[in-house]
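Comments concern the structure below.
The values are calculated or read from the model by the stated rules, or taken from the named source; none is laboratory data. All of these numbers come straight from a predicted model, not from anything done at the bench. So basically every Cβ, Gly included, is an ideal-geometry build from the backbone, and we count neighbours across all protein chains shown. Keep in mind that these areas ignore ligands, DNA and RNA; they rest on the heavy atoms of the full protein, side chains included. Shrake-Rupley method; radii C 1.70, N 1.55, O 1.52, S 1.80 Å.
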Amino acid sequence: MEYRKIGKTDLELSVITFGAWAAGGMMWGGTKQNDAVNAIRASYDMGVTSIDTAPVYGMGYSEQLVGEAIKGLPRDKVQILTKYGLRWDTTEGEYYFDSVSNEGKTVHIYRNARKENIIQECETSLKLLGTDYIDLYQIHWYDPTTPVGESMEAVSRLMEQGKVRYAGVCNYSADQMEEAAAFIDLASDQLPYSMLRRGIEDEVVPYCIKHNKGILAYSPLQRGLLTGKMKPGQQFDPNDSRTGQAWYLDENIVQVNNFLNRIRPIAEAHKASLSQVVLRWTVEQPGITVALAGARNVAQATENARAGMLKLSPDELRIIDTELSKINLVFPEKK
């Protein structure tokens, strides 16, 4: 496994980091066929020492599973990344969206990065995770109802208390990172990034490279689209947030699968899966520190982990980029 330090910190993460969003069930069609605990342990055995989670993933369920999975492991050999700033049990802050809990109930999600909320969230996360410190504590989304300085002051206090080692942000633009940097030394930004979704290359990546900030890429497999396992007519659970998204139109699935077939010889040459090639390509891109890859069972976890050991040549990366440029996905305008 390859390991990389994020930004100017001494926090070293496995280049493939376990993403525990799907493990929480919510927005991924519930918790059926969920063996996240064994998946995390299998990943660890293969060198995936970093785990990213959040309170809102299953409303505490993901953090609980992570806590169970790391129990008994040497704490200094595991890097726990979690978040704050999304609440479902209060109406304070800015309404964000509705979701469905694992119990089938509608929940209203609010952005809330107020000082007292952050302190409370941290205590709850520590308890669920079964640890006395968090390696990287990240604001989940920008909260326009709370001054950034107030949020970062709360995290600074947690760092002084030893409950948080480093501060990060998620889904922040370059301007928002600059705003936060006036109050705290940020280690990283966590953002959606994949072969098919590369918007951060315009401003955020150059900013992070210039200021030596890490980038944690989430959804690098475009939530399953880049695995080659989806077929036209793909159906999701009604509570799966991918339902109805244009990414999964038949035309787009066909285009992406054709692309994957064109790069299949590279995977075969390495005795690797297409997913492993996609993950490796992701962490080879400028500014990208690690890729978050989710798994709900041991097979998926071990497949993802092997991407951290794969090496692609410059020629192979160029071939992939050439084939990638031929994709033209369709996103109909909403009426």
Estimated FRET transfer efficiency when R0 is 25 angstrom, pair K210-K271 (beta carbons, to 0.05) | 0.05
With Rg and Dmax of the Cα atoms in Å defined as stated, name the option among [x] 20.0, 67; [y] 19.1, 54; [z] 19.3, 60 computed from the structure displayed.
-> [y]
Virtual spin-label span in nm between D321 and N258, 7 Å along Cα→Cβ = 2.3
Applying 1/(1 + (r/R0)^6) with R0 = 30 Å to the Cβ-Cβ distance of K8 and T243, what FRET efficiency is obtained, to the nearest 0.05?
-> 0.15
Projected onto the charge dipole of the chain (+1 at Lys/Arg Cβ, -1 at Asp/Glu Cβ, origin at the Cα centre), which of A154, L279, L292 gives the Cα projection farthest towards the positive end?
-> L279
Residue among G85, G130, G294 with the largest mean-square fluctuation in a Gaussian network model of the chain, springs linking Cα atoms under 10 Å | G130
Considering the chain as a Gaussian network with a 10 Å cut-off on Cα pairs, which listed residue, I215, I184, I288, attains the greatest mean-square fluctuation?
-> I184
Can you pull the percent of segment 217-294's accessible area that's carbon plus sulfur, 1.4 Å probe, other chains left in place?
-> 50
Can you pick out the pairs among K210/K231; K83/K231; K5/K71 whose Cα atoms lie more than 32 Å from each other?
-> K210/K231; K83/K231
How much accessible area per residue does the chain have, in Å², with a 1.4 Å probe?
-> 43
Share of accessible surface on carbon and sulfur in segment 54-160, whole %, 1.4 Å probe and ligands ignored, is 48
